[in-house]
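> One structure, as structure tokens, below. Some questions next.
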Amino acid sequence: MDLKSIQRKIIGWGLVELALPVCFAVGVWPVSKFVLNLPNSYSQLLSSGDLLIVGALILIGCTFDIYFDFNKIFHKNNVIYTIVLIDGFVALVFLAMYGFIKTKSMQLTVFPQTSDKISLMRLASISLTAVLASCTWAIFSKMK
């Protein structure tokens, strides 16, 4: 593979597997905030933890891409093996976190008397940070 084909593959991968799902998932927030003028749209939309699923899917996809792209040298190269293990483990952690965050989000939205705007903002920030971290890690993993 020459350098141009590798660059095209990484750019295509970045656009299709990273940018498109994240922009779609996060892009709902500005639309609801500025177009529909919904109050507390950031915390209401992102506090459910659904971005953790997007982050986990990105990492799982990255794991399979790395495994199948480097299948011949997979067991000989400890760096690639470690990256694949980290990708899979973090994806499982995100899926576990999704359950806890979804439960807490539902408690805060179903029972408004216990609802705390700051708690919803924290949950939304955790979800957004997780998906951005998974994208950053996926880019790092693909560059190895």
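Each reported figure results from applying straightforward, stated rules to the coordinates on display, with no laboratory input. Everything quoted here is computed from the prediction, not taken from an experiment. Don't worry about glycine lacking a Cβ; one is built from the backbone with ideal geometry, like all the others, and counts go over all protein chains shown.
> Going by how many other beta carbons lie within 10 Å of each one, how would you line up Val35, Val84, fewest first?
Result, fewest neighbours first: Val35, Val84.
> Starting from 0.36 nm per residue, how many nanometres of slack lie between Lys33 and Leu20 once their C-alpha separation is accounted for?
2.7 nm
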